[in-house]
Amino acid sequence: MNPILSSLEGMTSIYMASQKGPHTAQSIRDIIAQLRVTPMFLGRVEDEEAEELARLIEEKYGISMGLGAIVDAQDFRPWLHDARINGEIGDFYWSRYRKLLNLKGLPKSVIDATDEVTDRVLDRLGDPRNMSPWSRRGMVVGFVQSGKTANYTGLICKAADAGYRLVVVIAGIHNNLRNQTQARIDEGVIGRDTGRLAHSNKSQRQKLIGVGQFDQREFPVSLTNTLRDFNKATATTNTSQIGQYNVPVVLVIKKNSSTLKNLLEWLKEHSVNQGTQMVSQPMLLIDDEADNASINTAYARNEVTRINGQIRELLSLFHRSCYVGYTATPFANIFIDPDTDDEALKQDLFPRHFIIGLDAPSNYFGAQKVFLDARDRHVRLIDDNEDVLPMKHKIDHPVDVLPDSLVRAVRAFIVARAIRNTRGQQASHASMLVNASRFTDVQGRLRSSLADVVGRIRDAVAVDGAKGASALRNPEIAALHKVWEEEYADAEGLHWPQVQARLHEALTATRVCEVNASKRSQALDYEQGGEHGVTVIAVGGFSLSRGLTLEGLTVSYFLRNSMMYDTLMQMGRWFGYRPGYEDLCRVWIPADGVGWYTHIHQAMDDLQAQLKRMELAKATPEQFGLAVRSHPESLIVTARNKMGTGREFPVKVGLAGKLVETTRIRMDRDQLDRNRKAGQDLAATLMASGQAAEHPSRGTLFTAVSVELIRNFLRVFRADAADPLTDPRLMRDYIDARADGELKEWDVLFASAQKADAIEDKLAGFKMRAFGRSVGETDLSQGVLAISGTSRRVGSPGDERVGLTPEQIEAAITAFREERVRDGKAVPETLPPRIFCEIPGRRPLIILRFVDPEIPDNLKAKLPGTVLAWSICFPPSDVLGGTVEYVVNTIRMREMFGEEEIEEEALGDTE
């Protein structure tokens, strides 16, 4: 943005702040129009520029952020308010940080919400004025790339104001993530460039950055810097004892046993009180990778046990200490890994004092928006890779040819960068992510091939790019033009000649780099862009999957097949904030990946909603931890984590308010025939009963059907023994526990597809059109029909509404929307199924349908035509807490998931 527009934005913001009440799109434009006729701006702002500015301000001031949800231990006693009222703590560090957030352009509503949320967290930490021994354990649950680092940076500032003397941040297992986190702490807490400090002598000027620009009265001490992790010798050359510093001491370290060992030794040598062997100053430890890594990985099995022991030892060195784990998923290992509920609750690091769920601001570009609400705009499917870059490949796989989809993604990135430049965003960074292999050698070959592609396009534009319309005779420029037509032609106010004119500068700035643990890896230094933002295509694997932020991420190419929930969500680097260019963002991903992300998002949204309900019910962290463990998806995560043990173990499963479907069915012809016979018997019994059937648009519906008929059907029906959620034992035990109450009567729908050309089948006398569904080819080769594709659902959106009255449906939708608005959250366009399953008093619903698998013709001979499948929507429950015990067979789970591919980088950095 040019200086004139920046000034106009600032003046508009001042006018808006001076006027009471909310601003509308028209009121913003009226203010801009009034300012444009003043001497300062008269004749200096074009109509198009004014409209673009109005849209940016409208977007900024339309952003809201809720305060999240909290569950507290019963012994919670607030202290922060009284300390502030009594003037016992200041706001030096926080006020600097608030000014920095404002300078960065964060909306006032988001800054205010961050202020409130960090107060809530601080209030649940120990009171540093209290000199008696205490220890606190808590957890903060956020979203991937949603601002967790900004949140705990604010928390560190407030903790420093309150009197905490040592803050340790554990920032992942790789140097590049630790260095990036250190840079953010430098900017938001320290106020100095620690990398430059490490290399400077006293005669050199210290470089002030971030908060250091606002107030230089004091600076915290950092015993780590952007160039190097904690080092005993370096720390000892400074003042050795924590207690001798007059300002807070901050360390940003890797989650590495060697680093923790050095820190423990240094504290024991220099800071412990010889009488008690403990440090008297209060300490805050922030674990930014609380969900890394699962015990199934090679890195984690012994290393995590060692590291957790060292973290506990570090906390025990202090009379007064707090541990706060930050995680991007409610399915955190602290809840999932222990074998029993008792073991889970007794862990030393269990967040027994508080769990806080952060809300993302309404402009968060997350899974809801990418994979549900705006999938057609943002998602492009990869279906051309298997011949040249198969999903599973070996370390020596050649990269002689790139998939056409990857080349297209590169072209889209170049065009998007040019469009952003035309929008005045030259000073902003732009990144592309390529995550297509777990092997660093293959990543290196990918980087080389991609550099060749970019070089070829760059040469073409350098030669012909300035030739106007005749430039399209060049095939490379014509290919860029085709991508623009198909992807970005509807970008408001832009025409191809404007974009073409900016291609050269976009390509001149573009570099392709490798980000991994190899010696070829290059640091993602976004500070070296100068007046122009950095433009980079980053190729990598694990390093790009864990916490590392790619600034201005615009295009992503993701070709991975992990089904681990935490791994998949962490790999979603494309989530975050995209002000002024969200419409340009694209994600290339296989269809199965879309299905998994959609599925995981809905499970995580379910748990976030459960946390909110538990807050209202004044539940405890232990109760939420048990709720996570009993969630149906936790069964999958737990079994996946423990699969390598090859043993059975019991878990408690809750199906209340949940939707369960037979997404995996074994291709055993005899069993498929038995399944069909079970459906025939159910249909025939209902027809013979004389009960009147209803005929909604989705099929034939029977209401208030006896649970005995459902039991008989499920007793015979078999899906895939490897899928625990459809195991007949689990269904039987769960239904039996509630058969005399809320599961006594059922609704039964014989579903029929709406497509007129769908294959027609029938059960007894009911004609039912089959539903076409994609299935995984790998599973097919193993004899399993596994629903794949972008939805991973047997059923269709809205199935859960069957059997409900229009009033119940409208009430559920209204309540959901009002709750989102009340909490400051955006209202999604796609409603989650749970809001209809959770309606109190509704009957359970079972839907039978025929699936027409979309499989190669040579395999169809193995199937008896269409395949019968079912979906069950369970109502909420108060019986037994809605849970039933189930024994997981990890050997069977291996059939479902296969062996997890270990990232080549997953061992972490050793130095």
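Brief remarks follow.
- For E531 and R44, a Förster radius of 22 Å and the Cβ-Cβ distance give a FRET efficiency of 0.55, rounded to the nearest 0.05.
- Most to least packed among 798-811, 444-457 [average Cβ atoms within 10 Å]: 444-457, 798-811
- Distance between the pseudo-spin-label points of E810 and H495 (7 Å out from Cα toward the beta carbon): 4.9 nm.
- Share of carbon and sulfur in the accessible heavy-atom surface of the stretch 756-818 [1.4 Å probe, %]: 49 percent
- Burial order of peptide ranges 507-516, 184-193, 687-696 (average beta-carbon count within 10 Å, highest first): 184-193, 507-516, 687-696
- For the pair Q213 and K268 in one chain, pulling the backbone fully straight at 0.36 nm per residue adds 16.2 nm over the alpha carbon distance.
- For the stretch 598-609, the Karplus equation 6.51 cos²θ - 1.76 cosθ + 1.60, evaluated at θ = phi - 60°, returns couplings of 4, 4, 5, 4, 5, 5, 5, 4, 4, 6, 4, 5 Hz by residue, with Gly and Pro reported as x.
- Given R0 = 35 Å, the distance between the Cβ atoms of A861 and S448 translates into a calculated FRET efficiency of 0.20.
- Checking the Cα-Cα distances for K369/K652; K677/K860; K392/K519; K261/K652 against a 27 Å cut-off, the pairs over it are K369/K652; K261/K652.
- Overall shape: oblate for the stretch 352-487, with the ratio a/c of the largest to smallest alpha carbon gyration tensor axis at 1.5 or above and b/c at least equal to a/b.
- Set K148/K232; K232/K255; K148/K618 screened for pairs whose C-alpha atoms are more than 19 Å apart: K148/K232; K148/K618
- Each of R456 and Q206 was given a label point 7 Å from its Cα along the Cα-to-Cβ line. The distance between the two points is 5.3 nm.
- Potential lengthening between R473 and S95 on full extension [0.36 nm per residue; Cα-Cα distance subtracted]: 130.3 nm
- Between R375 and L616, the contour length at 0.36 nm per residue exceeds the Cα-Cα span by 83.4 nm.
- Per residue, the solvent-accessible area of the stretch 649-808 (1.4 Å probe, heavy atoms of protein chains only, all protein chains present) comes to 44 Å².
- Taken as Cα centroids, the stretch 808-859 and the stretch 388-417 sit 36 Å apart, rounded to the nearest whole angstrom.
- A simple spin-label model places pseudo-atoms 7 Å from Cα toward Cβ; at E818 and E88 they are separated by 4.2 nm.
- As a calculated quantity, the FRET efficiency between I759 and A737 at R0 = 45 Å, using C-beta atoms, amounts to about 0.75.
The values are calculated or read from the model by the stated rules, or taken from the named source; none is laboratory data. Predicted model only: the values in this text are computed from it and were never measured. Positions of Cβ are generated from backbone atoms using ideal geometry, with glycine treated the same way; all protein chains shown enter the neighbour counts. Heavy atoms of the whole protein, side chains included, go into the accessibility calculation; ligands, DNA and RNA do not. Shrake-Rupley method; radii C 1.70, N 1.55, O 1.52, S 1.80 Å.
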